[in-house]
Amino acid sequence: MRELIDFFIRYSKWFVFAIYSVVSIVMLVSGSALHQSIYMTSANAVTSSVYDFFGGVSSYFNLRESNETLNRRNAVLQEQVEEMQARINYLNAKLAEDTITTWEVLKPYDFIVGRVIKNSVTRPQNYITINRGSLDGIAPEMGVIDQNGVVGVVNVVGPHASRVISLLNPQFRLSCRIQDSGNFGSLVWDGEDPRYAMLEELPRHTVYQKGDTVVTSGYSAVFPAGIPVGVIETDTRVPTENLFSLRIRLLADFSSLDNVQVVKNYLAEEINDLEKDEKEER
């Protein structure tokens, strides 16, 4: 108690100054409409700045949650697009028939949302690790995309995480087509710039323009047809050869990968068995 009294005595001058200051401000503001207006304007400006600051901090920490929510919505929308495309294709094929099977047969794809927890872009062979594994329904040879385009293919799966062969890996070749002309080729990374890859084995008669979109061909059980991959930049045509290559600017930004979607094809096992039988017959 004595220490508290000593404290007040030691700083009594400051307490008196503070009390007089408060009283002076109150008397000044209450005695003049002009001073009241200035006080209210200044107080509102300070309050607004404080609210803006804390609002900005709150928005920053909510960014990751917002991104994950958007990614889940993208997965749902992508699934709906694939379902509608499958429905259209099926109904066109069955237009002249009397019987139609259940819709479960027409819904081959599902999309599992995940997040990148490890990534590389500068190595000769790059890989990605995601936070989804076998307990989430992930299996080897499932395709991986993000909101922009193709990212890679799952090759090693654990219970809670999986490793993905990045598109920036020369071991990974992807069957693609030019969206407008329909010409097919094989996309592969040349080991140089992570922003670009090469669409190879294109026939001489291929029709294309700079800026044309390149999409997945659908010639495998990994990716649905029509998933964006990149846009045409330049060609490396050699007049004496029947085949040539195109330089493709990739749509996925591999230097800032975060949220991804793993493509689950319910018909993959059946398709792979058919392809295996075909290879054994050769």
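The values are calculated or read from the model by the stated rules, or taken from the named source; none is laboratory data. These numbers come from a predicted model, not from an experiment. A quick note on method: Cβ atoms are made from the backbone with ideal geometry, for glycine too, and the neighbour counts reach across all protein chains shown. Surface areas here come from the heavy atoms of the whole protein model, side chains and all, with no ligands, DNA or RNA. Shrake-Rupley method; radii C 1.70, N 1.55, O 1.52, S 1.80 Å.
Since residue 177 meets every condition but one in (1) assigned to a loop (DSSP other than H, G, I, E, B); (2) open to solvent by 40 Å² or more (accessible area, probe 1.4 Å), which condition does it not meet?
Here residue 177 clears every test but (1).
If we keep just the residues of the stretch 127-148 that are of a type outside the set (A, V, I, L, M), at negative phi and in contact (Cβ under 8 Å) with a residue 40 or more places away in the chain, which is surrounded by the most Cβ atoms within 10 Å (Cβ to Cβ)? Please lay out each step first, then the result.
Restricting attention to the stretch 127-148, the residues satisfying the condition of being of a type outside the set (A, V, I, L, M) are 127, 129, 131-134, 136-137, 140-141, 143, 146-148.
Going one step further and asking which of them are at negative phi, we end up with 127, 129, 131-134, 136, 140, 143, 146-148.
Then drop every residue that is not in contact (Cβ under 8 Å) with a residue 40 or more places away in the chain, which leaves 127, 132, 143, 146-148.
Values: 127: 17, 132: 24, 143: 26, 146: 20, 147: 18, 148: 14.
Looking at the filtered set, the residue picked out is 143.
Considering only residues that are surrounded by fewer than 19 Cβ atoms within 10 Å (Cβ to Cβ) and of a type outside the set (D, E, K, R), which ones fall in the stretch 114-126? Break it down stepwise before answering.
Taking the stretch 114-126 as the starting set, the residues that turn out to be surrounded by fewer than 19 Cβ atoms within 10 Å (Cβ to Cβ) are 115, 117-118, 120-125.
Selection gives 117, 120, 121, 122, 124, 125.
Pick out the one residue from 208, 219 that is over 23 Å from residue 81 (Cβ atoms), hydroxyl-bearing (Ser, Thr, Tyr) and open to solvent by 50 Å² or more (accessible area, probe 1.4 Å).
Details: 219 fails: over 23 Å from residue 81 (Cβ atoms).
Being over 23 Å from residue 81 (Cβ atoms), hydroxyl-bearing (Ser, Thr, Tyr) and open to solvent by 50 Å² or more (accessible area, probe 1.4 Å) holds for just one of 208, 219, which is 208.
Of everything in the stretch 184-195, what is open to solvent by less than 60 Å² (accessible area, probe 1.4 Å) and either in contact with a Lys or Arg (Cβ under 6 Å, 6 or more places away or on another chain) or farther than 15 Å from residue 247 by Cα (or both)? Give them in sequence order.
Filtering the stretch 184-195 for residues open to solvent by less than 60 Å² (accessible area, probe 1.4 Å) gives 185-189, 191, 193-194.
Selection gives 186, 188.
If residue 257 satisfies every condition in (1) at positive phi; (2) buried (at least 19 other Cβ atoms within 10 Å of the Cβ) but one, which is the exception?
The failed condition is (1).
Just to be sure, is residue 159 without any contact (Cβ under 8 Å) to a residue 24 or more places away in the chain, more than 24 Å from residue 249 (Cα to Cα) and either charged (D, E, K, R) or assigned to a loop (DSSP other than H, G, I, E, B) (or both)? Outline the logic, then answer.
Working: without any contact (Cβ under 8 Å) to a residue 24 or more places away in the chain: no; more than 24 Å from residue 249 (Cα to Cα): yes; either charged (D, E, K, R) or assigned to a loop (DSSP other than H, G, I, E, B) (or both): yes.
Taking the combined requirement at face value, the residue does not satisfy it.
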